[in-house]
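Some notes on the structure that comes next.
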Amino acid sequence: MEKIPYKIYLTEEEMPKKWYNVRADMKNKPAPLLNPKTLKPMGYEDLRPVFCDELIQQELDDTTAYIDIPEEIRNFYKMYRPSPLVRAYCLEEKLKTPAKIYYKFEGNNTSGSHKLNSAIAQAYYAKKQGLKGVTTETGAGQWGTALSMACAYFGLECHVYMVKCSYEQKPFRREVMRTYGAQVTPSPSDTTEVGRKILKEFPGTDGSLGCAISEAVEAATSHNGYRYVLGSVLNQVMLHQSIIGLESKIALDKYGVKPDIIIGCAGGGSNLGGLISPFVGEMIKGNADYQIIAAEPASCPSFTRGKFAYDYCDTGMVCPLAKMYTLGSGFMPAPGHAGGLRYHGMSSTLSQLYADGLMEACSVIQTDVFAAATEFARCEGILPAPESSHAIKIAIDEAVKCRETGEDKTILFGLTGTGYFDMTAYKSFNDGNMSDYIPTDEVLEKGFATIPDVKL
Ligand SMILES: *Cc1c(COP(=O)(O)O)cnc(C)c1O
């Protein structure tokens, strides 16, 4: 067997031409979205005022396993994909582990994360429908940046509601978005009804993703020629992100490598869902077995301490309800440094897979995450995003276990992005000022109390 290279690339010809929709193969389908007013399942027509037509079809489709990637999107993908699948030889050596570690690196584009994979698809369908523009929210700023790039490419207007604390903490992120032509508003703002209401109720609030979502939805539905787009949580996003898992699988198959453990960080679940999709598909069909681990922050533990229930996706309760692992839409996460993982809920597809025992989850504290990030950066060279570093932490833990047991397991993890805009967080870690926040049961109970009692 030839030595596995440091980086396994695919040729343009080898790149996937279809996304994989794991819902088609799931025995228990994810529960449908519910109308927040009537609590009835939402169909195509109900969703049209908010979302783009073709994206709704993808959202509701749980029967088509493979969906063509339009040529325009594939051409854009070719500018920054395939993303490298890297064998972490240096990390393995540093850890003195017999484990073999691979990571799929999605930070090799200007937006710095995997979010561009879905942004470009969503902008394409919006343009194809003849829309003028799209609205969205952004927490840490990665999604807003990715969407700004995609909208600039297709000539669409882009209005981003940015969670206020990030808007203030990350002025450079904001400027990147503006450079690509987006309009950026700190949220909550007084430009929407729901924003004004939240400001009145919580004066001086730092904002949250849930608030920003409510504002972006209101802005889309109250302007002609606009729709709302979302960078995570939804089924359509996970579908687009399946490109990560498909490319990984093709690359590993080339060398006859089969992972034992697959790890991804979980915010709304899109990168993890995309990474594991083709592997979970094999598991469901009984063709293979993998240990899949979701890594989430101890400060926002949707899987490990949340409830599996129908809940609102946003604080303003204007969005459809989804059945998912949730901390309650009223849960206000403490300001932490992994902005992309601070969402109260989780993809309903991943939630169903977790409920069915097809995957596991564990939570990690912030200082351990940054210690792992630093260790990784010093040997593999890449400066990882704090979000991604949750997966690094678990991958290192698993590799260290192998050192102790002598097992030579193969570990694959998703390295979702780079951390150049997170230097305030790194500074606080380097200065020894970083704290670890773990919500008490009491705090969680307050969030759970905001979960509606939905009986179907
Ligand atoms: C947004 C983001 C995440 C979390 O989002 P998911 O939908 O759970 O994938 C993770 N890493 C990075 C770098 C991000 O930007």
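The values are calculated or read from the model by the stated rules, or taken from the named source; none is laboratory data. Small disclaimer: the values here were computed from a predicted structure and weren't measured. Cβ coordinates were reconstructed from backbone atoms using ideal geometry, including for glycine residues, and neighbour counts include every protein chain displayed. Surface accessibility is based on the protein's heavy atoms, side chains included, excluding ligands, DNA and RNA. Shrake-Rupley method; radii C 1.70, N 1.55, O 1.52, S 1.80 Å.
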Regarding ILE262, is this residue more than 12 Å from the ligand (Cβ to nearest atom), surrounded by 23 or more Cβ atoms within 10 Å (Cβ to Cβ), not in a loop (DSSP other than H, G, I, E, B) and not assigned by TED's automatic domain parsing to the domain that holds THR205?
yes
Tell me the strands (runs of 3 or more DSSP E) entirely within the range 24-106 that contain at least 2 residues that are open to solvent by less than 60 Å² (accessible area, probe 1.4 Å).
85-87, 100-105
From SER248, SER277, SER270, grab the single residue that is touching a Phe, Trp or Tyr at 6+ places or on another chain (Cβ under 6 Å) and within 16 Å of the ligand (Cβ to nearest atom).
SER277
Residue list for the range 391-401, filter: buried (at least 23 other Cβ atoms within 10 Å of the Cβ) and more than 16 Å from the ligand (Cβ to nearest atom)
ILE396, ALA399
Could you list, in sequence order, the residues of the range 136-163 that are more than 25 Å from ILE244 (Cα to Cα) and either of a type in the set (Val, Ile, Thr) or not in a strand (DSSP E or B) (or both)?
GLY155, LEU156, VAL160, VAL163
PHE308, sole failed condition from (1) at pLDDT 95 or above; (2) within 16 Å of the ligand (Cβ to nearest atom); (3) outside any helix (DSSP H, G or I):
(2)
Given the criterion over 25 Å from ILE213 (Cα atoms), among the β-branched types (Val, Ile, Thr), without any contact (Cβ under 8 Å) to a residue 12 or more places away in the chain and away from the ligand (no atom under 14 Å from the Cβ), identify the matching residue among THR405, THR367.
THR405
Check SER388 against each of (1) within 15 Å of the ligand (Cβ to nearest atom); (2) in contact with a helix residue (DSSP H, G or I) (Cβ under 6 Å, 6 or more places away or on another chain) and name the one condition it does not meet.
(2)
Test for ALA140: is it buried (at least 24 other Cβ atoms within 10 Å of the Cβ) and touching a Leu at 6+ places or on another chain (Cβ under 6 Å)
no
Candidate set: the range 91-110, residues that are under 27 Å from PRO171 (Cα atoms) and touching a residue at least 60 places away in the same chain (Cβ under 8 Å); chosen: the one farthest from the ligand (Cβ to nearest atom)
THR110
Considering only residues that are buried (at least 24 other Cβ atoms within 10 Å of the Cβ) and assigned to a helix (DSSP H, G or I), look in the range 280-302 and name the one that is farthest from the chain's Cα centre (by Cα).
VAL280
Take the conditions touching a Leu at 6+ places or on another chain (Cβ under 8 Å) and either among the hydroxyl-bearing types (Ser, Thr, Tyr) or at pLDDT 95 or above (or both) and apply them to TYR354. Does it pass?
no
For the range 1-23, which positions are more than 12 Å from LYS254 (Cβ to Cβ) and of a type in the set (Val, Ile, Thr)?
VAL22
